[in-house]
Amino acid sequence: MPKLNDAFRNLNASYLFAEIRRRTKAFTDANPGARLINLGIGDVSRPLPPAVVRALHEAVDELARAETFKGYGPYTGYEWLAAEIARHDFAPRGITLGTDEIFISDGGKSDSANLQELFARDGVVALMDPVYPVYADANVLAGRSGAADARGHYAGIVYLPCTAANDFAPALPDRRVDVIYLCYPNNPTGAVATRAALARWVEYARANDAVIIFDAAYEAYIVDADVPHSIYEIDGAREVAIECRSFSKNAGFTGLRLAYTVVPKAARGRFADGSESSLNALWHRRTASKYQGPPYLIQKAGAAVFSPEGAKQVRALIEYYMENARLITEGLRAGGYAVYGGRNAPYIWLGAPAGRSSWDFFDTLLTRAHVVGVPGSGFGPSGEGYFRLTAFGSREQTEEAVERIRTRL
Ligand code: PLP
């Protein structure tokens, strides 16, 4: 038999969403009449914008004709889409990016999991806690974590606790780290970073030869004018930051799959022998070896997001979900819950009622209100005692869920 990668055994035993499914199924098996409302999902529920659907149809027709057929595309995505991204997502904020600094991919999930391959195996990783679990798992599998303790806490990872006590804004690490994952707007807390807070992170990274992996998957949900949308709005960030974005949560591409990562040419690192390389050159090399670029159809659909019509339709989708966020936030706050997030993000982060654990609150919500959410402890040790609801349901279900939580708990 082959020798296996022992790091698999360090992954936290129960994958969060599998455990949610297990408990939910046990409840519905025992209560077949219960009408569950799922506000746990991080997946969108509205259909694709019409401009995107039209672009998909047109692209299919192109592939059907010999004169316009396309086979393999560029590894890093088509330049015309990268140019649209630079022009619409960055130029209006005073950020100039070359198309060769934008790597188009099939998802923010794979990008944020794969980027760690750029860095030394013995590098120290710092994670916001709680946060999107993919960053931790990718580094666990790469062998940077060691085993987890009973709380799911890895000795080899530096945790940056984000709780109500620090307004969900983590302090800088108290030691030197190599790679810092920041997720803003944050999944799951819904917190955003001020310009001053991001500037402190950039300063830390520059002073400590560290790199920031900035996950801005929810950037489109930012409404407050003083909240930066990109880390490159901060002076000096280009030398120390990589930024991941996605078409999933703004334009509804969770099923189509399209995202991109910015790796500036100015960001550099050092090999063990002291020689240097730009991160851009390495990511290009890695992409060429392991990836073939997203499908032509999907990239055409992505370009449609930037058309005037597409942009308007995407805005309407975001407004739909954010009205759900407002209904949950205001409804539960009026019901006496400690409610965070839900303003610049589609996530609502609840404090579980005093002394209750996240899973305990999950069970209460499921059995009394027939509402499914996500226990905060699944996003990291500091998520214990909190609970995540999302704004991605339908309006009717969202309204009913709030009513049930308020009246049945
Ligand atoms: N980054 C964060 C913070 C997320 O919450 C998610 C999805 O939930 C992703 C990335 C994944 O995005 P994609 O659908 O592009 O893989």
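The values are calculated or read from the model by the stated rules, or taken from the named source; none is laboratory data. In this text the structure is predicted, and so the values were computed from the model without any measurement. Ideal geometry is used to build each Cβ from the backbone, glycine not excepted, and the neighbour counts take in all protein chains shown. We work out accessible area using only protein heavy atoms, side chains counted, and drop any ligands, DNA or RNA first. Shrake-Rupley method; radii C 1.70, N 1.55, O 1.52, S 1.80 Å.
Numerical summary
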quantity: For Thr99: the one exception among (1) within 14 Å of the ligand (Cβ to nearest atom); (2) over 23 Å from Trp349 (Cβ atoms); (3) in contact with an Asp or Glu (Cβ under 6 Å, 6 or more places away or on another chain); calculated: (1)
quantity: Residue satisfying all of: in region 249-269; within 16 Å of the ligand (Cβ to nearest atom) and touching a Lys or Arg at 6+ places or on another chain (Cβ under 8 Å); farthest from Tyr296 (Cα to Cα) among these; calculated: Val262
quantity: Positions within region 121-150 being within 27 Å of Ser358 (Cβ to Cβ), of a type in the set (D, E, K, R) and more than 16 Å from the ligand (Cβ to nearest atom), in sequence order; calculated: Arg144, Asp149
quantity: Hits in region 178-189 - residues which are open to solvent by less than 10 Å² (accessible area, probe 1.4 Å) and either away from the ligand (no atom under 16 Å from the Cβ) or more than 17 Å from Ser246 (Cα to Cα) (or both); calculated: Val179, Ile180, Thr189
quantity: Residue that is over 24 Å from Tyr232 (Cα atoms) and β-branched (Val, Ile, Thr), where the choices are Thr68, Thr96; calculated: Thr68
quantity: Search result, residues across region 10-45 that are open to solvent by 100 Å² or more (accessible area, probe 1.4 Å) and touching a residue at least 40 places away in the same chain (Cβ under 8 Å); calculated: Arg35
quantity: Some residue of region 157-177 being modelled with pLDDT of 95 or more, outside the structural domain of Leu11 (by TED's automatic domain parsing) and within 14 Å of the ligand (Cβ to nearest atom); calculated: yes
quantity: Test: residue in region 75-94 that is without any contact (Cβ under 8 Å) to a residue 40 or more places away in the chain, among the basic types (Lys, Arg), open to solvent by 50 Å² or more (accessible area, probe 1.4 Å) and away from the ligand (no atom under 16 Å from the Cβ); calculated: no
quantity: Every residue from region 295-344 that is outside any helix (DSSP H, G or I) and among the β-branched types (Val, Ile, Thr); calculated: Val305, Val339
quantity: Residues located in region 245-264, provided they are in a loop (DSSP other than H, G, I, E, B) and surrounded by 15 or more Cβ atoms within 10 Å (Cβ to Cβ); calculated: Phe247, Gly252, Phe253, Thr254, Leu256, Arg257, Leu258, Val263, Pro264
quantity: Sole residue being buried (at least 24 other Cβ atoms within 10 Å of the Cβ) and more than 14 Å from the ligand (Cβ to nearest atom), chosen from Val227, Val240, Val223; calculated: Val240
quantity: Residue among Ala272, Ala281 that alone is more than 16 Å from the ligand (Cβ to nearest atom), under 22 Å from Gly107 (Cα atoms) and open to solvent by 30 Å² or more (accessible area, probe 1.4 Å); calculated: Ala281
quantity: Residue that is least open to solvent (accessible area, probe 1.4 Å), among those in region 46-61 that are farther than 27 Å from Tyr320 by Cα and in contact with a helix residue (DSSP H, G or I) (Cβ under 8 Å, 6 or more places away or on another chain); calculated: Ala59
quantity: Flag if Thr68 is surrounded by 13 or more Cβ atoms within 10 Å (Cβ to Cβ), over 20 Å from the mean Cα position of the chain (by Cα), more than 30 Å from Gln397 (Cα to Cα) and modelled with pLDDT of 95 or more; calculated: no
quantity: Extreme residue, farthest from the ligand (Cβ to nearest atom), among residues of region 102-120 that are open to solvent by 40 Å² or more (accessible area, probe 1.4 Å) and farther than 27 Å from Gly274 by Cα; calculated: Asp106
quantity: Residue in region 293-306 that is over 17 Å from Glu403 (Cα atoms) and surrounded by fewer than 17 Cβ atoms within 10 Å (Cβ to Cβ) present; calculated: no
quantity: Among (1) touching a helix residue (DSSP H, G or I) at 6+ places or on another chain (Cβ under 7 Å); (2) closer than 28 Å to Ala217 by Cα - the single one Thr68 does not satisfy; calculated: (2)
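Condition check ((1) at pLDDT below 95; (2) among the β-branched types (Val, Ile, Thr); (3) open to solvent by 10 Å² or more (accessible area, probe 1.4 Å); (4) more than 15 Å from Cys162 (Cβ to Cβ)) across all residues:
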| site | (1), (2), (3), (4) |
| --- | --- |
| Glu319 | no, no, yes, yes |
| Met322 | no, no, yes, yes |
| Arg333 | no, no, yes, yes |
| Gly341 | no, no, yes, no |
| Ser357 | no, no, yes, yes |
| Thr364 | no, yes, yes, yes |
| His370 | no, no, yes, yes |
| Gly376 | no, no, no, no |
| Gly380 | yes, no, yes, no |
